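The values are calculated or read from the model by the stated rules, or taken from the named source; none is laboratory data. Every value quoted in this text rests on a predicted model; they were computed, and no experiment measured them. Glycine also receives a Cβ, built like all others from the backbone with ideal geometry; neighbour counts cover every protein chain displayed. For the accessible areas, the whole protein counts, side chains as well, though only heavy atoms, and no ligand, DNA or RNA atoms are used. Shrake-Rupley method; radii C 1.70, N 1.55, O 1.52, S 1.80 Å.
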Amino acid sequence: RGPLSAGAGVRNFVNQLQRKLGKQDVIVWGVPNDSRVARVIVEADGGPLGVVVAGANVHDTKLLKQTIDSIVVDRPKPTRKSPQHLCLDKGYDNPTGHKTVEETNYQPHIRRIGEEKFDGKKRKRRPARRWVVERTLGWMSKCRAILVRYAKKSCNYLGIIQLACALLWYRRQHRLAV
């Protein structure tokens, strides 16, 4: 964690602290401006299709369009017979998330906030698919440069993540061929 960005609210808070405590260094810790997090879009079996690196303080919904556009594989045209499905978690259950999914011609599967699917015996009917993305992030964290983040520039960090994704696909292809 590092110092917060100097927004109006933070500046006012720091000024009030300095007035009460006297002139001294006041540092408020939170998400730093240069903090970066990777957003990954994966296919059903966990193979990474696209990656976006953005600030850790940017909500995922704002990067959904950019993440979908980062897919490197040519996508077949969706038809009524074979629509393309996109499963998202509850964080995307807002007008921006729904609008972005519809603009990109995907069939949305977004769990509503506060909703769980149960069968007649009060058991979960369909388990969440978030584990597929979490597993992919776990595979990628095996690369020490991604886990520790030695790269200072975002473009270098993105390149390392893309190289790790290519390595995942190579290992997967090799495993399927054997």
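Of note:
- Against the numbered list (1) at pLDDT 80 or above; (2) open to solvent by less than 80 Å² (accessible area, probe 1.4 Å); (3) part of a helix (DSSP H, G or I), GLU102 comes up short only at (2).
- In the set ILE71, ILE146, only one residue is within 22 Å of LEU167 (Cα to Cα) and modelled with pLDDT of 85 or more; that residue is ILE71.
- In the set (1) of a type in the set (A, V, I, L, M, F, W, C); (2) over 17 Å from the mean Cα position of the chain (by Cα); (3) open to solvent by 90 Å² or more (accessible area, probe 1.4 Å), VAL73 fails one condition alone, (3).
- Among residues of segment 66-99, those that are in a helix (DSSP H, G or I) and in contact with a helix residue (DSSP H, G or I) (Cβ under 7 Å, 6 or more places away or on another chain), counted: 4
- Among the residues listed as ARG135, ARG175, the single one being loosely packed, with under 15 Cβ neighbours inside 10 Å and at pLDDT 85 or above: ARG135
- Segment 77-87: number of residues that are modelled with pLDDT under 85 and within 19 Å of VAL132 (Cβ to Cβ): 0
- Hey, LEU63 open to solvent by 10 Å² or more (accessible area, probe 1.4 Å), aliphatic (A, V, I, L, M), in a helix (DSSP H, G or I) and at pLDDT 85 or above or not: yes
- Lone unmet requirement of (1) modelled with pLDDT of 65 or more; (2) of a type outside the set (Asp, Glu); (3) surrounded by fewer than 16 Cβ atoms within 10 Å (Cβ to Cβ); (4) touching a helix residue (DSSP H, G or I) at 6+ places or on another chain (Cβ under 9 Å) for GLN16: (4)
- The one condition in (1) at pLDDT below 85; (2) more than 12 Å from the chain's Cα centre (by Cα); (3) open to solvent by 50 Å² or more (accessible area, probe 1.4 Å) that THR96 fails to fulfil: (1)
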